[in-house]
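Scroll down for the structure; my scribbles are underneath it.
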Amino acid sequence: MTALSARTLEIAQSLVRLDTVSHHSNLALIHFVRDELARLGVASRLTWDDARAKANLFATLGEGKPAGVILSGHTDTVPWDGQDWTLEPLSGAVRDGRLYGRGSADMKSFIAAALAHAPLFLESKAPFAVHFAFSYDEEVGAFGVRGLIADMREAGTRPVACIVGEPTGMVPAIAHKGVNRYRCCVRGKEAHSSLTPKSVNAIEMAARVVTFVRGMAEGFERDEPRYEGFDVPFSTSSVGQFHGGIADNVVPRDAEFRYEFRDLPTADARAMQERVVAYARSLEPAMKEVARESGFSFETICEVPSFLGSEDDAVTKLAHRLAGEPRTTLVAFGTEAGIFQRSGIPTVVCGPGHIAQAHQPDEYVSLDQIERCCAFMRGLAEAREL
């Protein structure tokens, strides 16, 4: 292991030991990165959530260069409640050639590698700057990165490429599905269960829409043109939560369910949601004949756009060279790549570790993957062109 790889591992352990589960603050990690960069004379820009409990960090290494490459990572993790861990989730333990702990694969090792190589980026003769873009709340809807990008644009920074370091096994990924989640609330009219004609059963009306969402899923599987390379080569829809009712003998007034679409890059997620809303609206006239106040309401939980790059993109070719990897892949999980791409920045996804270990008990990343990421960073510092 090289000195910089050892430093990367040291930083990765420090980051894993910080609790940045999405419903907690990420400021301990952001301050850690900010302070490390400050020691190198690099200033950081922070953008905050409304409560100022979380922040994004943006920093430029190589100020004044005419172009820039973003290294993007999210700082939050998913929780581990109820999972059967054999190690302390925040231990940062190293055993049998692996770094263990929540966020080790997803995606603190990438952030650590970027930070460990900051001195090389500052000394680099590359004709482009390197930007660090570390966000909050990616795991719950990619909420933080939008403010980061807006602030970057306001500051006049115009990067020419973005590398999102999600765990791809250091194989450049050029596409992923979108993630679009919604909440549907149904207001009916309660009644004693012996008087059902005088009621509007919120659960039953909700169930009709749930069945419609399930029918859409079957239609995607049956009819949608396949996009080969994805584990599931068509769009999907599913219901993840359902709540309603207070007693067996009370017709329920209220029900709520949550559902999602994971749309192919070639599909239209908004049109999918419009179909659900239209179907629900078609049920309302009969409901309102019994109770004028009854009906459906919808709330968007998150809309993370799909991502579709190309093997011919300069940033993909750069990732090929740096990773020493001729292949490309498609990934099933969502990332911030589509958001960067829609802001006009060519993007690729490439980072250490594998998604099969992310979000799992005893999450880990192999030290070999960390070393490959370090070689990627060294290559970026030594690059003479994009």
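The values are calculated or read from the model by the stated rules, or taken from the named source; none is laboratory data. Just so it is clear, the model here is predicted, and its values are computed rather than measured. In this analysis, Cβ positions are derived from the backbone assuming ideal geometry, glycine residues included, and neighbour counts consider all displayed protein chains. Please note that ligands, DNA and RNA were not included when accessible areas were found on the heavy atoms of the full protein model with its side chains. Shrake-Rupley method; radii C 1.70, N 1.55, O 1.52, S 1.80 Å.
A few points about this structure:
- For D362, residues with placed amide H under 5 Å, excluding near neighbours: T86, L87
- Amide H contacts of A161: G68, I70, each under 5 Å away and 5 or more positions distant or on a separate chain (H built 1.01 Å from N in the peptide plane; Pro and chain starts excluded).
- Peptide packing: for 103-111, 271-279, the average count of neighbouring Cβ atoms within 10 Å per residue gives the ranking 103-111, 271-279, highest mean first.
- Under a 5 Å amide H cut-off, with hydrogens placed 1.01 Å from N, A93 pairs with Y100 among residues at least 5 apart or on other chains.
- In the chain, the DSSP-assigned H stretches of four residues or longer account for a calculated mean residue ellipticity at 222 nm of -10500 deg cm²/dmol, using -39500 (n - 2.57) per stretch and the full residue count as denominator.
- Based on C-alpha pairs under 8 angstrom that are at least 6 apart in sequence, the stretch 241-305 has a relative contact order of 17 percent.
- In order through the stretch 77-84: 3J(HN,Hα) via Karplus (6.51 cos²θ - 1.76 cosθ + 1.60), integer Hz, x for Gly, Pro: 10, 7, x, 10, 3, x, 7, 8
- Those trypsin sites (Lys or Arg not before Pro) in the stretch 1-75 that DSSP places in a loop and that have at most 14 other beta carbons within 10 Å: R52
- Applying 0.36 nm per residue to the separation of R321 and F242 and subtracting their alpha-carbon distance, the gain on full extension is 23.7 nm.
- Packing-based order for 248-258, 214-224, using average beta carbon neighbours within 10 Å, highest first: 248-258, 214-224
- Rounded to the nearest whole Hz, the Karplus-based 3J(HN,Hα) values (6.51 cos²θ - 1.76 cosθ + 1.60, θ = phi - 60°) of the stretch 292-299 follow the sequence 4, 7, 6, x, 10, 9, 10, 9, with x at glycine and proline.
- The structure-derived value of semi-axes √(5λ) of the Cα gyration tensor in Å appears in the list (i) 43, 22, 20; (ii) 33, 25, 18; (iii) 37, 24, 17 under the label (i).
- Between the helical axis of 314-323 and the longest alpha-carbon principal axis of the chain there is an angle of about 60 degrees.
- Accessible area per residue, Å², the chain with all protein chains present, probe 1.4 Å: 43
- Look at the alpha carbon pairs under 8 Å that are at least 6 residues apart: their mean separation over the length of the stretch 205-278 gives a relative contact order of 28 percent.
- Here the Karplus relation 6.51 cos²θ - 1.76 cosθ + 1.60, evaluated at θ = phi - 60°, turns the backbone of the stretch 13-25 into coupling constants of 4, 4, 5, 4, 6, 8, 7, 10, 3, 4, 8, 10, 6 Hz, with x for every Gly and Pro.
- Look at where the Cα atoms of the stretch 114-191 and of the stretch 233-263 average out, and the two centres are 30 Å apart.
- Scaling against 2.2 N^0.38 Å puts the C-alpha radius of gyration of the stretch 54-146 at 1.29.
- Rounded to the nearest 10 degrees, the angle from helix 202-223 to the longest Cα principal axis of the chain is 50 degrees.
- Between helix 269-290 and the chain there is an angle of about 20 degrees, using the helix long axis and the longest principal axis of the Cα atoms.
- Full extension of the chain between I301 and W85 yields a length gain of 74.8 nm, computed as 0.36 nm times the residue separation minus the alpha carbon distance.
- Taking all Cα pairs closer than 8 Å and separated by 6 or more residues, the relative contact order of the chain comes to 25 percent.
- In the chain, lysine pairs closer than 12 Å at Cα, eight or more apart or cross-chain: 4
- Measuring nothing but protein heavy atoms, the accessible surface of the chain at 1.4 Å probe radius is 49 percent carbon and sulfur.
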